[in-house]
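> Sharing a structure, written as C-alpha cells. Questions coming.
The values are calculated or read from the model by the stated rules, or taken from the named source; none is laboratory data. Since this is a predicted model, take the numbers as computed values, not measurements. Quick reminder, even Gly has a Cβ in these numbers, built from the backbone with ideal geometry, and neighbours come from all protein chains shown. Each accessible area value is taken on the protein alone, full model and side chains, heavy atoms only, with ligands, DNA and RNA left out. Shrake-Rupley method; radii C 1.70, N 1.55, O 1.52, S 1.80 Å.
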Amino acid sequence: MRKGSVGIAEAADLYGNIQQAEEYGYVQRGLKSRHIQFIALGGTIGTGLFLGIGTAFAKAGPLSVLLGYSFTGLAVFAMMQCLGEMATWLPLPGAIPQYCARYVDPAMGFAVGWNNWYQSAITLCAEISAAAIVIGFWNDEINMAAWITIIIVLVVCLNIFAVSIYGEAEFIFASIKIITIVGLLLLALILDLGGGPSHDRLGFRYWKHPGAMKEYVGKGDTGRFLGLFSTLVNAAFSYGGVEMVAVAAGEAEDPRRNIPKAVRRVFWRILFFYVLGSLAIGVLVPSNDDRLLNGGVGAAASPWVIAIYRAGIPVLPSIINAVILTSASSSANAFLYTGSRYLFGVAQIKQAPQFLLKCSKTGVPYYCVAITASVSLLTYMSVSTGANDVFIWFQNLTTIAQLFTWCSICVAYLRFRSAMLAQGVNRDTDVVFKSKFQPYTAWFALLYFGMIIVFNGWKVFTKGNWTVSDFLTAYIGIPIYFGLYLFWRIFKRTKFVNPAEADIWSGKAALDAEVWPEHIPKNFIEKVWYWIA
C-alpha cells in the first residue's frame, strides 16, 4: 500500500467517510525509525540542559540539582510509560488531546489540546529567545531582531515542506547534541581527575565549599529543602518535549515497533544526559561562581562553558556556543512541529475550525504550521526588554503548561486502562507495549507533577519576595487550563466518558491492516546501527 493511500485510509477510519479524507488530505507516515529514535534522543536535550540548569545550580547547589533532576526524571519516566502504551495502541497525530477527549471527557481534550498548543507556541518563542541570547556571545552589535528573523524563517522552512525534511533536520540536530553531551561528560571526567591543563584534581571539593545543598530563602534545613524544591521547576522545563515522540507517532513508519523502542530508552536518556550531566557540572563549577550568579552573555551563561573557562581550555567555548545555538534552533524547530500537530489533533476532534485539517500533497497541515509560527513574532519583545529576561519569563510561563500536559497524560492513561478492562482487552496478550507497575506508575507521576503545579510559586508568599509578575507567571497557567475545561464543559454540556463506551478503536483498523517490512541486519555494523536507530 502506498504512503498516500495509508494516510487516506487512516483518515477515513477516523473521520468516518472517505470524502472528507480526500477533501482535506491527511498527514503521511514519513518519519523513519532513525528519525523517531533521534527525535526521542535529542528531544530532551535543549537549552534547559545547556543554559537553564545554571540558574538552579546557582540557587540550590550541586546535590540539590542532582536530586531534583533525578526525582523529576523518575516521574517523567513513569509518565512516558503511560503515554507509550496509549501511543502504541493508537498512534495519532497530536495524539494527547485526542486521548483525553476519547477516554476522559471531551472538555478535557479541548483544554489539553489548546493548552498544549499555546505551551508549544510559547516554548517556540523561548527557544528562539535563547538562540538570540547565544548569538550575543559572538556579536552584540547587530540588532537582535535580525537574528530572530533568520531563525524564524529557518524553522518555518523546515516545517512547511514534507515531514521527512523535518525528520532529517532533527536527525542532524540531535546527532550534534548527542555527540556534544557525550564529549562534555567525558571532558568532565578528565578534568575532575586532573587531566586538564592545570592538572588539578578536583574531586568533590565544590560539594564541601560552598556546599552541596545551598540555603535558599530560609535558613538551615528549611533553607536547604527549599533550595532542593526550587530545582524541580527548572528540571520540569529541562525535560519539556520528552513527549514529542508520541506526537510524532501519527507520522511514523511502523509505529508499533518504533514507538515502544523509543519509549523504553527514556530511562537511559534521562540517566545519561540529565543525571550524569548535573553530576558533571557539580564537580566542575562552584555554585558561587560570579558568572553563574550574575549571568553571562550567550554561552558564557552556561555552566558547561564556565567549567571550560575555569579549566583554561581555549577555543572550546566558541564550539560549545555553536552547539547551544544549534540546540536552541533544533528545539524551536521541534516545538513548531509539535504545536502544529496539537492544533491538527484538536481540529480532528472538532474542537477547532475544520479548515485546519487541510493538508498539502506531502501531508503537512500548513494552516496549523502558519498559525503556530505566527506566535513566534512575540519573540521580538526580547529586542526591547532584554532577551535573557524574556527567556526566563517564557520558561516560567511554559513550565506549568507542560506540567498540566503531563498530568493530563496520566489521567487519560488511568481512564484508558479502565476502558481496556471494561471492554475485554487483555493487556498481557493484546497490547504491543505494556507499561510497567500500573496503575501505581501513573498515580505517582500524577501526584508528583500536581505537587509542583500547586507549590511552584511558593517564593512569592515569603517575606519580601512578593511581586505581581512572579505570581502571575507561577499561577496564570492554572486558570487558563481550568477555564478552557469549564468553557467546553458548559458550552457543549459534555460528560465524563463511561469506560465501557470509550472509543479505543477508531483509527486502529487501518493501521492494523498495514504490514511493514522487517529490517534484518546483514552484518555487525548494520546490527549496531539498527540497535541505535
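> Among the numbered criteria (1) part of a loop (DSSP other than H, G, I, E, B); (2) modelled with pLDDT of 85 or more; (3) not aliphatic (A, V, I, L, M), which single criterion is violated by Gly68?
Result: Gly68 passes all but (1).
> Still on this model: How many residues does the range 443-482 contain that are surrounded by fewer than 16 Cβ atoms within 10 Å (Cβ to Cβ), of a type outside the set (Ser, Thr, Tyr) and assigned to a loop (DSSP other than H, G, I, E, B)?
5
> Right, something else. Restricting the search to the range 270-283, which residues are out of contact with any Gly (no Cβ under 8 Å at 6 or more places or on another chain), more than 9 Å from Ala188 (Cβ to Cβ) and surrounded by fewer than 22 Cβ atoms within 10 Å (Cβ to Cβ)?
Phe272
> Within the range 408-424, restricting attention to residues that are small (Gly, Ala, Ser) and within 24 Å of the chain's Cα centre (by Cα), which residue is nearest to Tyr103 (Cα to Cα)?
Applying the filter and picking the extreme gives Ala412.
> So Phe225 fits all but one of (1) without any contact (Cβ under 8 Å) to a residue 40 or more places away in the chain; (2) open to solvent by less than 10 Å² (accessible area, probe 1.4 Å); (3) not small (Gly, Ala, Ser); what number is the exception?
Result: Phe225 fails condition (2) only.
> Now for a different question. Does the range 415-468 hold any residues that are within 28 Å of Asn258 (Cβ to Cβ) and touching a Pro at 6+ places or on another chain (Cβ under 8 Å), and which are they?
Arg415, Arg417, Ser418, Ala419, Leu421, Gln423, Val432, Phe433
> Is it the case that some residue within the range 133-152 is in contact with a Cys (Cβ under 7 Å, 6 or more places away or on another chain), open to solvent by 10 Å² or more (accessible area, probe 1.4 Å) and not aromatic (Phe, Trp, Tyr)?
Taking every residue of the range 133-152 in turn, none turns out to be in contact with a Cys (Cβ under 7 Å, 6 or more places away or on another chain), open to solvent by 10 Å² or more (accessible area, probe 1.4 Å) and not aromatic (Phe, Trp, Tyr).
> Being in contact with a strand residue (DSSP E or B) (Cβ under 8 Å, 6 or more places away or on another chain), at pLDDT below 90 and not hydroxyl-bearing (Ser, Thr, Tyr) is the requirement here; does Pro62 meet it?
No.
> Exactly one of (1) open to solvent by 50 Å² or more (accessible area, probe 1.4 Å); (2) at pLDDT 85 or above; (3) more than 22 Å from the chain's Cα centre (by Cα) is unmet by Tyr485. Its number?
Every listed condition holds for Tyr485 apart from (1).
> Here are the criteria: (1) open to solvent by 10 Å² or more (accessible area, probe 1.4 Å); (2) farther than 18 Å from Tyr239 by Cβ. Tell me which single one Ile308 does not satisfy.
Ile308 satisfies all of (1) open to solvent by 10 Å² or more (accessible area, probe 1.4 Å); (2) farther than 18 Å from Tyr239 by Cβ except (1).
> List pairs: first in the range 465-487 and touching a residue at least 60 places away in the same chain (Cβ under 8 Å) and within 20 Å of Thr123 (Cβ to Cβ), second in a helix (DSSP H, G or I) and among the hydroxyl-bearing types (Ser, Thr, Tyr), Cβ under 9 Å, 6+ apart or cross-chain?
Pairs found: Gly477/Thr398; Gly477/Thr399; Ile480/Tyr118; Tyr481/Ser408.
> Would you mind telling me which numbered condition in (1) small (Gly, Ala, Ser); (2) surrounded by fewer than 21 Cβ atoms within 10 Å (Cβ to Cβ); (3) in contact (Cβ under 8 Å) with a residue 24 or more places away in the chain Ser408 fails?
Every condition holds for Ser408 apart from (2).
> Please go through the range 92-104 and give me each residue that is closer than 13 Å to Arg489 by Cα and modelled with pLDDT under 90, ordered by number.
Selection gives Ala101 alone.
> Read through the list (1) of a type in the set (Val, Ile, Thr); (2) free of Cβ contacts under 8 Å to residues at least 12 places away in the same chain; (3) assigned to a helix (DSSP H, G or I), then give the number of the only condition that Thr429 fails.
Failing condition for Thr429: (3).
> Name the single residue, out of those in the range 351-380 being assigned to a helix (DSSP H, G or I) and among the β-branched types (Val, Ile, Thr), that is farthest from Ala107 (Cα to Cα).
Thr379
> Taking the criterion of being modelled with pLDDT under 80, open to solvent by 20 Å² or more (accessible area, probe 1.4 Å), under 21 Å from the mean Cα position of the chain (by Cα) and of a type outside the set (Ser, Thr, Tyr), would at least one residue in the range 339-349 satisfy it?
No: the range 339-349 contains no residue that is modelled with pLDDT under 80, open to solvent by 20 Å² or more (accessible area, probe 1.4 Å), under 21 Å from the mean Cα position of the chain (by Cα) and of a type outside the set (Ser, Thr, Tyr).
> Quick check on Ile324: is it open to solvent by less than 10 Å² (accessible area, probe 1.4 Å), β-branched (Val, Ile, Thr) and under 17 Å from the mean Cα position of the chain (by Cα)?
yes
> How about the range 242-290: which helices (runs of 4 or more DSSP H) wholly inside it have at least 3 residues that are charged (D, E, K, R)?
255-264
> Next up: In this structure, is Val497 surrounded by 13 or more Cβ atoms within 10 Å (Cβ to Cβ), at pLDDT 85 or above, over 21 Å from Asn116 (Cβ atoms) and touching a helix residue (DSSP H, G or I) at 6+ places or on another chain (Cβ under 9 Å)?
Against the criterion (surrounded by 13 or more Cβ atoms within 10 Å (Cβ to Cβ), at pLDDT 85 or above, over 21 Å from Asn116 (Cβ atoms) and touching a helix residue (DSSP H, G or I) at 6+ places or on another chain (Cβ under 9 Å)), Val497 does not qualify.
> Return the residue satisfying two criteria in turn: it lies in the range 85-112 and is in a helix (DSSP H, G or I), open to solvent by less than 10 Å² (accessible area, probe 1.4 Å) and in contact with a Lys or Arg (Cβ under 8 Å, 6 or more places away or on another chain), and of such residues it is farthest from Val266 (Cα to Cα).
Filtering the range 85-112 for residues that are in a helix (DSSP H, G or I), open to solvent by less than 10 Å² (accessible area, probe 1.4 Å) and in contact with a Lys or Arg (Cβ under 8 Å, 6 or more places away or on another chain), the one farthest from Val266 (Cα to Cα) comes out as Ala107.
> Which residues, counting only those in the range 182-192, are touching a helix residue (DSSP H, G or I) at 6+ places or on another chain (Cβ under 8 Å) and open to solvent by 60 Å² or more (accessible area, probe 1.4 Å)?
Leu189, the sole residue that qualifies.
> All but one of (1) touching a residue at least 40 places away in the same chain (Cβ under 8 Å); (2) in contact with a Cys (Cβ under 9 Å, 6 or more places away or on another chain) hold for Ile165; which doesn't?
Unmet condition: (1).
> I'd like to know if the range 193-200 contains one or more residues that are out of contact with any Phe, Trp or Tyr (no Cβ under 9 Å at 6 or more places or on another chain), under 25 Å from Ile45 (Cα atoms), open to solvent by 40 Å² or more (accessible area, probe 1.4 Å) and not in a helix (DSSP H, G or I).
No: zero hits.
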